[in-house]
Structures are given as structure tokens and as C-alpha cells.
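Undergrad: Attaching a single structure in C-alpha cells format; questions to follow.
The numbers here are math on the coordinates, done by the rules we state, and not lab data. Here the structure is a predicted model, which is why all the values come from computation and not from measurement. All Cβ positions, even for glycine, are placed from backbone atoms using ideal geometry, and neighbour counts span all protein chains on display.
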Amino acid sequence: MEKLTEFFYELSVNTEKLASFNTGKTTNEIKENRQKILQSVGITATEDVLNRSKESLQKFIEEQITQTLKTTISGHIKRQMLKHPTKTAIIDGNTEISYKKLMGKVNAIAGELQHRNIPQGSLVAVCMHRSWELVAAIIGVMQAGCTYVPLDPAYPEKRIKYMLAHSKSIAAIVDREKTAKLCEEVQEILQIHTTGNYKSGLVKTTQNNLAYVMYTSGSTGKPKGVAITQKNVVALRQSARKTFNDQELSGMLAAASVCFDTSVLEILGTLSLGGTIILANNALELTQIPAKHKVKTCIMVPSSVQALLSTEKLPEGLQTLVFGGEALKRSLVAQVYAQGTVSRVLNAYGPTEDTVYSTIAEVTRDTENITIGTSVENSRAYILDENLNAVADGTAGELYLAGTKLAHGYLNDDVKTEERFIKIVPSEAIPEDRLYKTGDLCRWAKNGEIEFLGRIDQQVKIRGYRIELEEIETTLETMNAIETAAVVVAEGGIGQKLLVAFVVTEKDEISDTTIKSFLSEKLPKYMIPQMIKYVDELPLLPNDKLDRKKLTELATNTPSKETETLKPLEILTDATHKKKEVVLATIISEIRKILSIPDSEEILPNASFFGLGLDSLTTLEFSSRISTLAGTKIFARTIYEQNTANALTDYIVSGTKNTSENQSDSSLKMFRNTLANFQRNIQVSYPTFQAANADSWNANDKSKLIKEILRSVNDQRRNPYGKVLRTGSAARGVVGDAFNDEEQEAIIWSTNLYFGLNRDPQVIKEATSALQQFGTGMGISASASGMTNQHLDFEKEFADLVGKEDACLFPTGYTANVGAISGILGENDIVVIDQLCHASIVDGARLSGATIRTFKHNNASDLEVVLQSVVSPYRTVLVVLESVYSMGEGTAPVAEIVRMAKKYNALTFVDEAHSFGFYGKNGAGICAAQGATKNVDFLMTTLSKALGSIGGVIAASKEHIGLVKASSRAYIFQASISPADIAAALTSLRFLRANESLREQLWDRTRYMRKRFEEAGYDLGTGDGPIITPHFGDKDTLYAIVQNLYKRGVQTLAVTYPIVEIGRGRLRFICSASHTHADIDKTLEALKEAEKEAKEQMKTGSIKASKHKDFDANLERWTTDFSTFIKHWIDTTSVQIPNLEIVIQVAENIQSNRILIKDGNVFTNHSKEENLPSCLLKLKAANAVTALETFDIQGLLACIFNGTCELNGQVEAFIWFFARFVTYQKKEQEFSNLKSKKSAEAIV
């Protein structure tokens, strides 16, 4: 029966075949002819068919066959194949697929589904990469009577699993092992390449069956599935027939993801009308695909066209351009027509819930007011008020849609369906009984077309006025100098709402005043933006729509051109060389100030800023300062790219157009040469920390790198952070190595227990008593009842000691800083911090969302420069510093700095972690000692240093403590300090407050140690406190000294860049009252011996770079092996694969070996690929080549450390490569072990 039905399919569309089938003069002749034809195609004739009259057969075909084909989209595509089997249906790259070949694959997929007993009406997921077989899969699913659920393999795994579970898909069609793994939870997995054993050409769906379920973003955070029927898509086809002619459909660009409804019009609409689709991965590939000259029509969002036109010309054959998805600007239409190729521009509108598009407008060269047009065939539009009454022309209301294209509803969500697809009683004005509530604000224009005004939720109310943001944007874009614009609402410093306009300009001369003057001629005063922001382009979402959320975030961070608080440089002189001199000198001067470099001559014009010591925090400050001085915004990213004084000078003087900070951060980082800086950083500092802080695409990959680096430093005994105090913290004890099986009795200089009170008998007794009385922990935060009387007593007595009204305990000193700073400040505020402040202060500042500024270490004058530029009555400014820098410097000029802060009415916050207990009367700290307490609003210390316990505490006024307790999440949500710990801290506090003996003892040991070390010739810096830091320039020597000291019974730590400046590494001895003069003497002698031994080790054990010109290497086999492994790994992993290039270069004059990973494919020795992240490994010695060829992980790391393997490119790409390198080596080792085992078994 199936073959007969397919035969009738052919007769229904081919009148000649039908006439031939009915040939004969008599009834018997017709019967014999029919039987002969049927037998020739392998169909057993039935009397019913043979004996029917011509009229009866025609009626049967019309009723039973044609109706099936004409009422479903699958049937319409089948009809096109039967009509034009040799016609090209799809162009995929350089491959052309005919309708016959397409339908062959469709039949195979439908047959496979039926063979596996997938019931009609089932939902079948399609998770495939873009190819012509993807098109066949979705048609095949529908032909089998099922519903396709498109899934993008690039989607996060959790999102795909949610869609599969929510849709209750029972089968999935996939094209790779990775996509199969993503869908592994469904009942049946069909690999597209294995179909073909079973075929079915019957169209088994009906007009009321679901054609597809497409998931769109949901307001609840979970995507919602829009259920579209076959009838809906057929109605779309009918409207497309009215919209496009055959010429336009002969080359339809199919660039939209099948997860977006535009793809339904591009693919199903075009094929059902007999057209040809041209596949592309995305719309921006329009000018790159091989068949670009065959593209006649394309559908794109305006922002994509804008991006394309900024660098490319439209293909010459393009005739029709359909815009949709976001507001279309007249300026862009003019650009399109100016290309000279496009003769027709359409502006379409429609939600997924109305099957792709609902209205459309022809936009001519002369169109002044761009609308979304009028309703298309099978769709009707109504603009209604809140009571569902029609609004008058020109009045804004909500757009409602009706017609045969309205979706069935939301899959498995009756509540949401009833909310958006509302049922009404038909009336004369609205004859339909079902409407879709779009949530879009529209109005009828004078010409009877619909003007789109924006989303309902983009209608804002400011100072009582209702304002449509799009109206302001449209007006802005009528200004000749403005290419595009967007307007958002931001909150001002006192809670007031402000209009902020972001504009992309054609020329830099335009000013805020000019723009506002222009707007004032066209808009009422309340619609004039208070702030104008200048960007190179507007931020976009992954679907190329405007990212308004991102703009709102940027509204308080992107400065206006005219916002200047410092006088700009007077560089506008006619002499270009003079400009350069002034700018270069200014840049060097600011770098010197920020990095505390004594002499400007030490900063070479071509020296890397980051090599000099600029980091992410100081880069932001440098960006702010140089922007103000240059009179134009210099973004932090620009400083990363132009990372020398000369380069940045050329950039500023040449007037290079600013690049918007709101571009995709990942792409900005991707193409900077971050890898060279990464290599330098791991060479001059502790490599594990640098690797941990490096940017990477995948945390698992970074973990592999860190593991191998850690192994390297441990094997070489160069890990200064791997020791374990087996007998606990004390002046002496047993110290073990966490990574190597060894331990040593040692003098311990690595803890912050200044008075050794953690070992005091009375402190231990009180802690034990509290443990017995109150138990081991409080089990709840302090805000929720986690306090005993001892907690309250500590807060009261600490506040009294430091001269404040109240105090607030935190579980640790770190969380005290993080919690207090992030609680005090908000996004609109400014936090100004010392450049060398502790990580907890930086993290608190970042967590607060406030703008971070920095001032030169301990420099009140530099602080004033910053404060002058940030003070405002509309925000809080908080100045934060440490009283004693923990790297061994002297006390900070706290009194001078806080006086300067108060001059500008800033709040002040002083961290006394390394000064409380041994400075000031009764150990109250530096603030008390310098008489600065009154000007300090917040005073912080830890309980883990002088007090020998654990915790942190903030002292301040009652009002400020109330603010901290009410706003600090670290206080509200973190369990309180345990009873034993607070008892220990309280006992220590009372002892230090009443007794001077330990303070005297600490200062005696401190002065003695400093004197002995200085007499021995060690540079201790500028400090005078208990943290004693002999300086050493070379990191490797420093680490060797630490290990050599350990062997001699002395435990200390090494501190290197980035904690301290490059070349200013130091040992860190923390002197305590528990140490003795004998401990100090022994340590000094051990240090002299350890240093001498380390220098010998450096001479005899250092690896010299063997930069021979006579070594040869051929890495073609390595390239083949490694690329083959990557291909296999990609096919077997579920991890998303980035596009990147791996380049191996041996010496200077040997051709590079290249591996390209692109779109999940792997290519070798290709031509250089532009615009891709890459990592270059330049092998400069034979040992580096050997390490690579033999997959010697530790050998390769050693070459990277010593420079015989030089790195360039992007650090993300290198970490990805290194992780695969490690994986390859591990797999090879497993294989080798297995072979050895089998060989041994064979011998036995």
C-alpha cells in the first residue's frame, strides 16, 4: 500500500503521468495499461484501482492523496520533490543537493524512526551541527508524523538536558559522539550517518500534528517550548508566497540557527515553495561562503547588517534584504541602498508564537518613518488598551495577534499558555476568539501601518512623565553625525532616575552640548538625556539583539566626553613631535607615580608596562589618570594592547578611534599577546599562583597545568608553600613537607603569632573552659543568635580599647574586610585603596560593585589627586589603607592620609592587622599611636595575629556598626566565631591591655634581629617592625635559600612578584616574643650558609639555553600524531571545542608546523589563519624539541621556565593545548603499561 500511495503522490503533481496512467479507448484497455504500469514499478495491482473510472480516480487522488500533501508542510516539500526532482534544493559549501537526494535522506530518516517503533506524535530531538543532513533530519521527523525539537550542540549541557526532559523527547537524531552523549538520556539515539537501511516515503503527519517545539527564553529563567502545528507552518508558507517571488526564493540564505524561528521561514518556507537554500553558519558569513554570488534574499537583524557593512560590501547578486528582530533605523536602510545591489528592503515583525512573522513593511529609499507594516496573510493585528478595547490612531497600546499562524501554545505549560494566549468572546471589532498578547507597545500610524514603540516594560516613567526610550533613540539617529544610539535609565547618586544615551558617532568632534541642543529642538525637555556616552559599538546578545542589560550596567561606568575634573594636557599644538614628547613624558611620569619607581629614567619607552609591574588593579587606575590627562577615554584594554609608553603615545597622538569597553570581553582578551607576559610572570614569580590567575576557557584544563607545575616545583624542592607544621604553631616545632616524605625540627618564622599567646597556659585554660561550657561551635550567624556573653564582652572591650563606640565580630579577618567594605558601599560609590593593600580589601572593593581607584603607596599627596576627581555630593567615597604593610615596611602615615581623606569628606577605613597589640597605648594600634583615631571611621584587626585565636573585628560608631551588621552578607550569613576561639581572644585581649611584658619582649627580639641581620649586610628595606624581610633579587635563588634553610632547621617563607615588585623578592621572618636571641643567632648563621649553597647550586645546576644553529628537527610526525589524537579526543568528549591555532616553530629559519582546530574539525599545516586565538611555541634548543616530540611534560615545562621554549599568543589557547598535551601523554602511558603487562603475561 505504501508504494501505491507514493505512486499516487507522483500522479497528483504530474498531469502527464496521470494522463499516461489513464490511457486507453475502452475500459479494458485502461485497465490493462494501468496494470502494466503498476507492475513495471513493482506494485501489485488491486481491482479497486484498476477498475476505477478516470473521474473516480481523480477524485480519489484529490481526497486521499493531495489533501495530505497540501495540508502539511512535509507534504508541500514532498510535492516540490515530485515536481522538480533534479532541481537544487540546498547548497552546502561547495556541495549542491537536489530535491531527489534530499528526499532520499528524508525517507531514510522517516523509515528509521518507523523501524524503531517511534509512535506518530512523538517528540524527536535533532541535535546536529549545521549541514544539509540537518535539514533532512527535521523534514524526516515531520514526515514520520513526529515533532522535531531543535537543539544546538553549542548550548550548555544543562540547558539541553532540561529541554529533553521538559519536552519528553523519546528519540534524538545526532551526528557525532559528542551530540549523542548530550542526548544520552533519551530512549532512542539515531546516528544520521547510519540511516538508510529502512525507507518510507509516506507523509504520515496531519495538519493538526505538531511540526516543531522551539524553546525561547522564559521570564522564570527556564526556557519555554512554543508548540507549532503543521497547519501553522502551512499558513506561514502561504504568507511567504505572497511576500516573495520565485527569483527571490531561488537563493535564500539559511543562516539562522534551527533553534530560532527565522530558520523555519528560511528552510521550510523556501523548500515548500520550490526554492533553493544556501547554508551558512551565521549571517555574518554572507560575504564568505562559496555560493555568496547565488544569494538573492537574506534575513538578518539590523545590528548584524551594521557590523557587516562596517568591513564588507554586500554580495552583488543580493536583491532582497529582510530585517527583523530589532528596530530598524533609517540610516542603516540608506547604507544598504547605497551599496547599489539591494533593490528591495523589507522590515518584518513577529514573535515565535505567531510562526515567525506577523507583519511586514516595504521600506523604500524615500521612506521617512519606518514601521513594521501591516499584517501578512493568515495573521491579524490589533492594538488594544488594558480593557482590550481598540485604541485610536496614534495612541500607544499593546499589540495582540490573531489568525491561523498562532501557536498551539506552550508545551506542558497550561498556565503560561492561558496567560499569553487569551480567549475572548468574538465581536464585530475582533471576530476571533483567541488572541496572543505580545507585550509589545505599538500604535497605528497615519498611513495605516503599525509603528513599533518597544516592549511594554521599556516604557519608563521619570518625574511623572511616561517616556518611550525608542522614541529618543530614533530621534538621535536622525542626527547626521550619529550612526546608531540606545537609551537606558540609570540611577543617580541620591536615587533619582537619569536618562543615559549611548551613541556611536561618525566623527569625534561631536559634543554633548551639540547632541542635547539637537534633541531639544525635537523632544520635550523631560526626554533629553542627562548623560551622553560615546562607544564604538553597542553591546549585543548572542542572538545579535541589543543587550540593554549590559548598557544599564555600563551607564555608571562609561565616562562622558565632557566629564573632566582634572585639567587635560595642553598637547593640541601643530608640531606632532612636540605632542609626542609631552604625551610620552606624561605616560612615563604617571607610570612612575603609580608603580613607585624612583627615577623616570628607569622606565624605557619600549619597556612593557606589565614587565614594570602594572597589574589589573593599577591598570584601571592608570587608565583613569591617563584618560583625564589626555582628554579622551583610554580604556584598560587599550593599555593591554598598547603596552609600552611608545605604543600608547602613538595611539593617543594618532587620534585612534576609541574602542568600546563593552565589546565582548572574551574576544578582547583573545587576541592580545597575553602568553608572552604569562611566561615572563611564571619565570619571575611563583608559577603556581600565576597559572591559577591566568585566563582560561576551561577550569579543568587549567587544573591540569597547575598540577604539572606543582609537580615541577615540588620535585625541584622549590615550593616555598608546601610545608606543614606537624606540631602546630609555635616558635619551634616539627615541620613536614606536604608533597615529599620528609620532616625537620625547626625554628618557625612563618606564623603571625606575635606574642605566642596561642600557647599561653591561661589562654588555653579559658578556651578549654568555654569548650566544655558552650560546646565546639555556635552553629548560626552572629546576626541570628550566634553570640554568647563572651562575644559581646569582646566587642565592648575592643571598642573601648581602640576608642570607638561599638564593634562587630566576623569569623575571620579576611571576611571582616570583605564583608564590611562590600556592605558599606554600593555600585554608585567610589572606593580608593592603597596600591599595595591586602587581597581582602581588593576583594571587598570588587564585591561592593563600587568604582575602584588606587593611590600611590602611603602617599597622601597622590591620594589628594584622586579625591579631587571623584568627590561628589551624590555618592560615598571610602579611603582604605593598612597601618603596616605586611611585607616588612615601616608604619604608614595614617594620620596624614586620613586627614587628607577628611579634607574631601571621604570615609576612612584602616586595617590594623599587623599593628594591633604592639603599637600604641595598651596595644591599641597605629591609629592610637599617631592620634588619628578620631578621623578613622572604621578600624579593623584580626584575632589571629596578636591575640593568637581566629576571627576579625570592626570598630566604629554605633551608627556605622549598625550599617555593617545590617548590610554585610559575611556577617549575616556566616556562622559566628566558636566559643573556645572567642574565649581565647578575649583572654589575650585582657592580658595585652593590662600587661606590657610581652610587648617589651617582642620589641627586644625585633630590635635584636634587625640589628644582627643589618650588621651581616642584609637589606631589610624601610621597616622597623617585627616582620623582617631580607631582600633578594632572583626568585630561583630565593626558593633555593628557603629549602636550604629548611634543611638546616629554619622554616620561613619566600615572597615574590606579584606580591612584591619584580626583582625585590624577599624572605619573610615574622619575629615573636616567643623567639629567643639564640634562635635569631642560629637563624642568621643558617641563612649565610644557605645563601652560599644556593649560589653554588645556581652556578652548577642552572640550565643553559642551548641555542645551537646546527640542530635539526622534523616535527611532521609529531604534528600528525598529535592532530590525530585531538580529532579522536574531540569525537569522544562532551566538552565544547573552541576555535584556535597551535603553531610550533623550530629555531628561526625552519617552517612552522600548524594545527588548526575550527568548528570541531582539525587541520594540519594549513596557511596562517587570521582572527583566531593561537599559541606559538618557538623551540630554541634541542632539549625543547625532544621534550615536545616525546611528550615529556616536565621537560617541556622546564624549557618554558628557562626560555628554551618561547611562548607567544594567547594564554587561553596555550592552556587548552597543554591540557591536551598532558592527556596525550597519560593515554600513551596507559597504553605502554598495558603492552608491558600483556608482554609479561605472554612470557609466563
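Undergrad: Using just the C-alpha positions of segment 311-434 as equal point scatterers, what log10 of I(q)/I(0) does the Debye formula give at each q in 0.16, 0.20, 0.23 1/Å?
TA: Debye curve over Cα of segment 311-434, log10 I(q)/I(0) at q = 0.16, 0.20, 0.23 Å⁻¹: -0.88, -1.14, -1.36.
Undergrad: Quick check on segment 254-315: what are the equivalent-ellipsoid semi-axes from the Cα gyration tensor, as sqrt(5λ), descending, whole Å?
TA: 20, 14, 9
Undergrad: Please rank THR15, THR371, fewest neighbouring Cβ atoms within 10 Å first, as an exposure proxy.
TA: The most exposed by this proxy come first: THR15, THR371.
Undergrad: Quick check on packing: order 1165-1177, 385-397 by the mean number of other C-beta atoms within 10 Å, highest mean leading.
TA: Answer by packing, highest mean first, reads 1165-1177, 385-397.
Undergrad: Assuming a strict under-18 Å limit between Cα atoms, what lysine pair count do you get for segment 1106-1232 once near-sequence pairs (fewer than 8 apart, same chain) are dropped?
TA: Within segment 1106-1232, the lysine pair count is 9.
Undergrad: If you take the square roots of the eigenvalues of the alpha-carbon gyration tensor of segment 908-998 and sort them as a ≥ b ≥ c, do you get rounded (a/c under 1.5), prolate (a/b over b/c) or oblate?
TA: oblate
Undergrad: Name the lysines eligible as straight-distance cross-link partners of LYS516: C-alpha to C-alpha under 17 Å, and not fewer than 8 places from it in the same chain.
TA: LYS516 reaches LYS507, LYS525, LYS533, LYS561.
Undergrad: Right, here's the next one. Report, in degrees rounded to the nearest 10, the 0 to 90 angle that the Cα long axis of helix 1077-1101 makes with the longest principal axis of the chain.
TA: Roughly 50 degrees between the two axes.
Undergrad: Give me the percent relative contact order of the chain, please, defined on Cα pairs under 8 angstrom at least 6 residues apart.
TA: Dividing the mean separation by the residue count of the chain yields 7 percent.
Undergrad: Based on a Kirkwood Rh over C-alpha pairs, give the Stokes-Einstein translational diffusion coefficient of segment 732-773 at 4 °C and viscosity 1.567 mPa s in µm²/s.
TA: Answer, rounded: 102 µm²/s.
Undergrad: One-quarter of the Cα convex hull surface for segment 1106-1232, in nm²?
TA: 7.8
Undergrad: Could you give me the ³J(HN,Hα) list for segment 241-248, computed from phi with Karplus coefficients 6.51, -1.76, 1.60 and θ = phi - 60°, whole Hz, x at Gly and Pro?
TA: Listing the rounded values in order: 4, 6, 8, 10, 8, 4, 5, 5 Hz.
Undergrad: Can you list the aspartates and glutamates whose alpha carbon is less than 13 Å from that of LYS296, not counting same-chain residues fewer than 8 positions off?
TA: Excluding near neighbours in sequence, the set is ASP246, GLU248, GLU266, GLU316.
Undergrad: On to the next question. Quick one, what does Rg over Rh come out to for segment 851-951 if you take C-alpha atoms and the Kirkwood Rh?
TA: For segment 851-951, the value is 0.99.
Undergrad: Please list 3J(HN,Hα) in residue order for segment 953-969, calculated via the Karplus relation 6.51 cos²θ - 1.76 cosθ + 1.60 where θ = phi - 60°; whole Hz, with x for glycine and proline.
TA: Using θ = phi - 60°, the values come out as 8, 10, 10, 6, 5, 4, 5, 5, 5, x, 4, 4, 5, 7, 10, 7, 5 Hz.
Undergrad: Another one. So what is the calculated 222 nm ellipticity per residue for the chain, using -39500 (n - 2.57) for each DSSP H run with n of 4 or more, over all residues, to the nearest 500 deg cm²/dmol?
TA: -12000 deg cm²/dmol
Undergrad: Lys and Arg at +1, Asp and Glu at -1: add these up for the other residues within a Cβ distance under 9 Å of LEU753 and post the number.
TA: In short, +2.
Undergrad: List the equivalent ellipsoid semi-axes of the chain in whole Å, largest first, each obtained as the square root of 5λ for an eigenvalue λ of the Cα gyration tensor.
TA: Semi-axis lengths for the chain are 67, 39, 31 Å.
Undergrad: Next question. So, how do all the Cα-to-Cα distances of segment 289-355 break down into 10 Å bins, in percent, from 0 on up?
TA: For segment 289-355, the binned pair fractions read 20, 56, 21, 3 percent.
Undergrad: For helix 1193-1202, what angle does its Cα long axis make with the longest principal axis of the chain, in degrees from 0 to 90 and rounded to 10?
TA: 60
Undergrad: If you count the DSSP beta bridges with both ends in the chain, what percent of them are antiparallel, to the nearest 5?
TA: 60
Undergrad: I would also like to ask the following. What translational diffusion coefficient, in µm²/s and rounded to a whole number, does the Stokes-Einstein relation yield for segment 1-146 at 20 °C and a viscosity of 1.002 mPa s, taking the hydrodynamic radius as the Kirkwood radius over Cα pairs?
TA: 127
Undergrad: Right, something else. How would you rank 903-909, 580-586, 428-434, highest first, on the average number of other Cβ atoms within 10 Å across their residues?
TA: 903-909, 580-586, 428-434
Undergrad: If you wrap a convex hull around the alpha carbons of segment 167-306, what volume per residue comes out, as a whole number of Å³?
TA: So the per-residue Cα hull volume is 176 Å³.
Undergrad: Using θ = phi - 60° and the Karplus form 6.51 cos²θ - 1.76 cosθ + 1.60, what ³J(HN,Hα) does each residue of segment 148-159 get, whole Hz, x for Gly and Pro?
TA: 8, 10, x, 10, 8, x, 7, 5, x, 4, 4, 5
Undergrad: Are there trypsin sites (Lys or Arg not before Pro) in segment 305-397 that DSSP puts in a loop and that have at most 12 other Cβ atoms within 10 Å, and which ones?
TA: LYS313, ARG365
Undergrad: Starting from the amide H of ARG455, placed 1.01 Å from N in the peptide plane, find each other amide H under 5 Å away whose residue is 5 or more places distant or on another chain.
TA: HN-HN under 5 Å from ARG455: LEU441.
Undergrad: Quick one: which residues, 5 or more positions from THR484 or on another chain, have an amide H under 5 Å from its amide H? H modelled 1.01 Å from N in the peptide plane, none for Pro or chain starts.
TA: Here VAL504 satisfy the definition.
Undergrad: How large, in Å, is segment 699-781 by the Kirkwood hydrodynamic radius built from its alpha-carbon pairs?
TA: 16.1
Undergrad: Tell me, what does the Kirkwood hydrodynamic radius of segment 844-907 come to in angstroms if you use every pair of distinct C-alpha atoms?
TA: 12.6
Undergrad: Moving to a separate point now. Can you sort HIS293, HIS408 by how many other beta carbons sit within 10 Å, fewest first?
TA: HIS293, HIS408
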